[in-house]
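Participant: So that we are looking at the same thing, I have put the structure below in structure tokens.
The values are calculated or read from the model by the stated rules, or taken from the named source; none is laboratory data. No experiment lies behind these values; they were computed from the predicted model shown.
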Amino acid sequence: MTPVEWLRRRWGAECPVGTPVPVAERCAAVDCDSVCLTALAEGERGRVTCLHDPGGSPARKLAAIGVLPGVEVVLVQRSPAFVFRMGHAEFAVDAELAGHIRVRRE
């Protein structure tokens, strides 16, 4: 199941903020108040709203480790890699992969 299929199964046609769930490659949530994970400061929390290019390979990698809409993340470190915490687990990703994660600040 692709991330897009998962989103559509979970929410139908609209995400919780009223943004249309994408049908194809482009994430529609870029027009809402979500920001890239890379925009957070160290220690800042956010809740995943979507994954940029939800049908692409980066989104599949992120979904495989549990980065899915609704999950809370905390940015632990920005350099040399972006390290974020989900629950009790921490993950390190490069800037390109971190840029695919869109979050709403909490």
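Participant: Looking at the stretch 38-75 only, could you name the residues that are assigned to a helix (DSSP H, G or I) and either of a type in the set (Asp, Glu) or closer than 17 Å to residue 87 by Cα (or both)? Before you say what the answer is, go through the steps one by one.
Facilitator: Step one: of the stretch 38-75, the residues assigned to a helix (DSSP H, G or I) are 38-39, 57-64.
Selection gives 62, 63, 64.
Participant: Follow-up question, since we're still on this one. So, in the stretch 73-87, how many residues would count as being modelled with pLDDT of 95 or more and either under 17 Å from residue 106 (Cα atoms) or basic (Lys, Arg) (or both)?
Facilitator: Selection size over the stretch 73-87: 8.
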